[in-house]
Amino acid sequence: MYAKSKLTIVSFAAIAAMAMGLGLTDRAQAESPFHTGVWQFNTPQGPQGWVASDWLIFDGGLPNRWLYRRAGTNVENQFNYYSRTMGQANYAPVGITVQRTGDNTMQYTLAEKGKDPVTYSAVRLSVPDYAGSCLSVENKGARLFGRWTGTKASSFKRLRLTKNKLTIDGNAMAVDVREVRVGRLGIIKDGQPFAFFTDAGGDYAVLQKFNPGVTLAQMTDPQQEILSFASEEIAHDPKTNCDQQIAARLKLLGKK
C-alpha cells in the first residue's frame, strides 16, 4: 500500500512550459493538458465516449480515476500516467499513455499488468479551448469556496466551505484553509490536517478526509501525493452546467 508518492497529479505549469518548449500550436500551449475534454474513442466495438478533467477520468457521469503523471517519462507530445480509482489506497495495475497526434486527435494506450497493451485512436468532441474548458481546473480555485451538494458518491447532502468554516449538513466546524496547489485546498482543524478539497473538473470537487498521522508538511508539499484517505466523497456545484455541455458533446459520437 502506498501512503504517498513523489509523483505529481497532472495539471501544472510545468506541462505548459514543456509544451511551449516543444513548439506546439497555441492550443497546445494552454495550461491544461491536451487530454482534458470530451473524446470519441474508436474501438472494435464502435465509437465510445471518454471524458476527462485535468487529473481525473470520468466514469458513469462522475469523476472516478485519478491520473498521476510519471516523472521522467514524457517524450514530446506523450505523457505516461499511473492511475488510482477513487477510494482505493494504491495504484491500479494499469498504466495509461496519452499521445497527442494532432490538434484534435490522440492515441490512448492501456497497459494492464500481465496483458498486451491496447491502443485506441481518439477524436476530440469538445472545443479545444483549454483555458475556457469547463473540465479544466486551472484558474478556478475561488469556486471551491461556497455551497455544494452531495452526490451518489458522498454521504452528505450539503457542504459549504469558507476560509474559516466547513459546514456539512448543518454541522459547522472552525477550520483554517490553505491553497496547496492549483485546484486544491488543504483544510486544517484544531491545528491538524483534516482534508483536501480538490477541484475534480466539470461540476465536481472531492472532499478527501485524511487518515490519522498526516502532517502539515505532507499536506502542503506540492511534490508529494497522498494516496490513502479515510474517505473520498464527490460534491456537486449546483451553479455550473458542465454536465449539460458534456452531454451535448457526447451526442456527436459517431457523427465525425
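The values are calculated or read from the model by the stated rules, or taken from the named source; none is laboratory data. Note that the coordinates shown come from a computational prediction; the quantities given were computed from them, not determined experimentally. Note: ideal-geometry Cβ built from the backbone for every residue, glycine included; neighbour counts use all protein chains shown.
Restrict the check to the range 112-127 and report whether at least one residue is at positive phi and among the charged types (D, E, K, R). Within the range 112-127 (the criterion being at positive phi and among the charged types (D, E, K, R)), the answer is no, since none of the residues qualifies.
Restricting attention to the range 63-80, the residues that are surrounded by fewer than 20 Cβ atoms within 10 Å (Cβ to Cβ) and closer than 20 Å to Q244 by Cβ add up to 1.
For A153, the test of being in contact with a Leu (Cβ under 8 Å, 6 or more places away or on another chain), crowded, with 20+ Cβ neighbours inside 10 Å, within 30 Å of N42 (Cα to Cα) and hydrophobic (A, V, I, L, M, F, W, C) is failed. Would a scan of the range 145-160 turn up a residue that is over 14 Å from H236 (Cα atoms) and touching a residue at least 24 places away in the same chain (Cβ under 8 Å)? Looking for residues that are over 14 Å from H236 (Cα atoms) and touching a residue at least 24 places away in the same chain (Cβ under 8 Å), one finds none in the range 145-160, hence no. Against the condition without any contact (Cβ under 8 Å) to a residue 12 or more places away in the chain and more than 21 Å from I246 (Cβ to Cβ), how does K209 come out, does it pass? It is false that K209 is without any contact (Cβ under 8 Å) to a residue 12 or more places away in the chain and more than 21 Å from I246 (Cβ to Cβ). One residue stands out in the range 112-126 among those that are within 21 Å of the chain's Cα centre (by Cα) and part of a loop (DSSP other than H, G, I, E, B): the one that is nearest to S53 (Cα to Cα), namely S126. Among the criteria (1) outside the structural domain of F229 (by TED's automatic domain parsing); (2) in contact (Cβ under 8 Å) with a residue 40 or more places away in the chain; (3) out of contact with any Pro (no Cβ under 7 Å at 6 or more places or on another chain), the one T119 does not fulfil is (2). So how many residues does the range 175-194 have that are within 15 Å of the chain's Cα centre (by Cα) and at positive phi? Here the count works out to 1. No other residue among S133, S154, S121 is among the hydroxyl-bearing types (S, T, Y) and closer than 18 Å to G183 by Cβ apart from S133. Could you tell me whether any residue of the range 209-225 is surrounded by fewer than 13 Cβ atoms within 10 Å (Cβ to Cβ), in contact with a helix residue (DSSP H, G or I) (Cβ under 9 Å, 6 or more places away or on another chain) and on the phi > 0 side of the Ramachandran plot? No, the conditions are met nowhere in the range 209-225.
This table checks each residue for (1) modelled with pLDDT under 95; (2) within 19 Å of G132 (Cβ to Cβ); (3) in a strand (DSSP E or B); (4) not assigned by TED's automatic domain parsing to the domain that holds A200.
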{"site": "I15", "(1), (2), (3), (4)": "yes, yes, no, yes"}
{"site": "I57", "(1), (2), (3), (4)": "no, no, yes, yes"}
{"site": "W66", "(1), (2), (3), (4)": "no, no, yes, yes"}
{"site": "N90", "(1), (2), (3), (4)": "yes, no, no, yes"}
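Regarding T109, is this residue in contact with a Ser or Thr (Cβ under 6 Å, 6 or more places away or on another chain), in a strand (DSSP E or B) and either β-branched (V, I, T) or surrounded by 14 or more Cβ atoms within 10 Å (Cβ to Cβ) (or both)? Considered against the rule, which asks whether it is in contact with a Ser or Thr (Cβ under 6 Å, 6 or more places away or on another chain), in a strand (DSSP E or B) and either β-branched (V, I, T) or surrounded by 14 or more Cβ atoms within 10 Å (Cβ to Cβ) (or both), T109 comes out as yes.
Out of all the residues in the range 54-82, which are of a type in the set (G, A, S) and free of Cβ contacts under 8 Å to residues at least 24 places away in the same chain? Residues satisfying the conditions are G60, G72. Among the residues of the range 210-256, those identified as assigned to a loop (DSSP other than H, G, I, E, B) and within 30 Å of V123 (Cβ to Cβ) are D237, T240, N241, K251, L252, L253, G254, K255, K256. Put simply, of A205, A200, A235, A230 the only residue that is within 25 Å of R158 (Cβ to Cβ) and surrounded by fewer than 15 Cβ atoms within 10 Å (Cβ to Cβ) is A230.
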